[in-house]
Every structure is written in C-alpha cells, then in structure tokens.
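What follows is one structure encoded as structure tokens, with my remarks underneath.
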Amino acid sequence: MSTANTRIRILEDAFDPAAMSAEMTASNITRSTTGSTTRSTTGSHTGSTTENNTHGALVTFTGMVRDLVENPVNAMLLEHYPGMTERALEAIINKARERWALGDINITHRVGMLYPGEPIVFVGVSSAHRREAFEACQFLMDYLKIEAPFWKKEFTPDGEHWVEAKSSDADAARRW
C-alpha cells in the first residue's frame, strides 16, 4: 500500500501552471509555504506517482482570467473564507477519490487582484489511466465552481460588480 498526495494551496501571488504540472511529475514533492496557505493530507490507496510510477496519466487544467470583447474585464478581485475554503476543496477531492482510483491531486487557486491573462486556478490529477484522470479533473472543476467559497468582483469599463453564480455551472456539476 502506498500513499497519494493531496495538495491544496490558496495563493495571493501569481503561479506558473507549467511549473505546477512539472511538480506533479517529480518523484520528490516538497511543500510550498511561501505566500500561500498549504493544507496537505495523505490518503491510502494502491499506487502513487510519487512512489512507484504506476500511474500512466496526468491531466491538468488551468483557468485564466478572460477579457471578452463583448464583456471587457480590466481586473478581477477574488475573495475567499480562509479555512472554510480549504475544507471545501478537501471535501470535493474526497468525493473524487470515492469515485475514481486517483494518485496525486493538486488544486491551487488564486485570491486577490487578478488581471486578464493571469491564471486563476490549477487542477492536476494523476491516475493509472487517462479516462479516470480526465473525468476526475472535470469533476473537480465542476464542483469547485459551485461548492468552494470564492467570490469574484469584476472591474469593467462600466464599473464594478460581484459575479453571480451561473446556472450552467450547476448544470455541469449535476451531470456527475
């Protein structure tokens, strides 16, 4: 029996999605503590990329701040409830682990002021097979959008406003 790593980070500073992906493939994962809230848990299951390379799939997703032509955004303020946010993300990860045999999982989410083109969220999932990794990554993002306590305020040329929850996000989560 080996262990899988679960890494949850809430960052006020920018991050490099390529470095996060590379970190997940490294055999020696270290905890980041600079400028972040890190909550690391260990769960038991068979096979882990960090111990025996039995996982043949690593799927990552990076969400970016968009600046759409029809709805221009100059900046976005992301707020969260410290402690509660990490617990909500951990619960979402636990749901994914109940559905699929997964290895390492990394969810990193920005808070604070963000600008178009900057990454907001990184989700990385490893598993023995690609289908599990793809499905689990989609599941994690779908549930993160509706269950994690993050609040977005957009700053546009017409002013600022809090972003309401989208019914399409709830619809996406219901398919699971």
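The values are calculated or read from the model by the stated rules, or taken from the named source; none is laboratory data. Note that this is a predicted model, so its numbers are computed, not measured. In this analysis, Cβ positions are derived from the backbone assuming ideal geometry, glycine residues included, and neighbour counts consider all displayed protein chains. Calculation scope for accessible area: heavy atoms of the full protein, side chains included, ligands and nucleic acids excluded. Shrake-Rupley method; radii C 1.70, N 1.55, O 1.52, S 1.80 Å.
Largest to smallest in accessible area, the residues MET20, MET64 fall in the order MET64, MET20 (1.4 Å probe, all protein chains included). Sorted largest first by accessible area at a 1.4 angstrom probe radius, with every protein chain in place, the residues SER21, SER127, SER168 fall in the order SER168, SER21, SER127. A simple charge model with +1 on the Cβ of Lys and Arg, -1 on the Cβ of Asp and Glu and nothing else charged puts the dipole of the stretch 83-176 at about 320 debye relative to its Cα centre. Normalised by residue number, the volume inside the convex hull of the Cα atoms of the stretch 50-114 is 141 Å³ per residue.
Considering all different alpha carbon pairs of the stretch 47-176, the Kirkwood hydrodynamic radius works out to 15.8 Å. Here r is the Cβ-Cβ distance between ASP171 and ALA22 and R0 is 30 Å; the resulting FRET efficiency, rounded to 0.05, is 0.35.
Here the Karplus curve 6.51 cos²θ - 1.76 cosθ + 1.60, taken at θ = phi - 60°, turns the phi angles of the stretch 159-176 into couplings of x, 10, 7, 7, 7, 7, 4, 9, 5, 5, 5, 5, 4, 4, 5, 5, 5, 7 Hz, with x standing for Gly and Pro. Modelled label positions at ALA14 and GLU160, each set 7 Å beyond Cα in the direction of Cβ, lie 2.1 nm from each other.
Amide H contacts for ILE120 (H built 1.01 Å from N in the peptide plane; partners 5 or more residues away or on another chain; cut-off under 5 Å): GLY63, MET64, VAL65.
Label positions at LEU68 and ARG87, each projected 7 Å from the Cα along the C-beta direction, are separated by 3.4 nm. Sorting 128-141, 76-89 by average packing, meaning the other beta carbons within 10 Å per residue, from highest down gives 128-141, 76-89.
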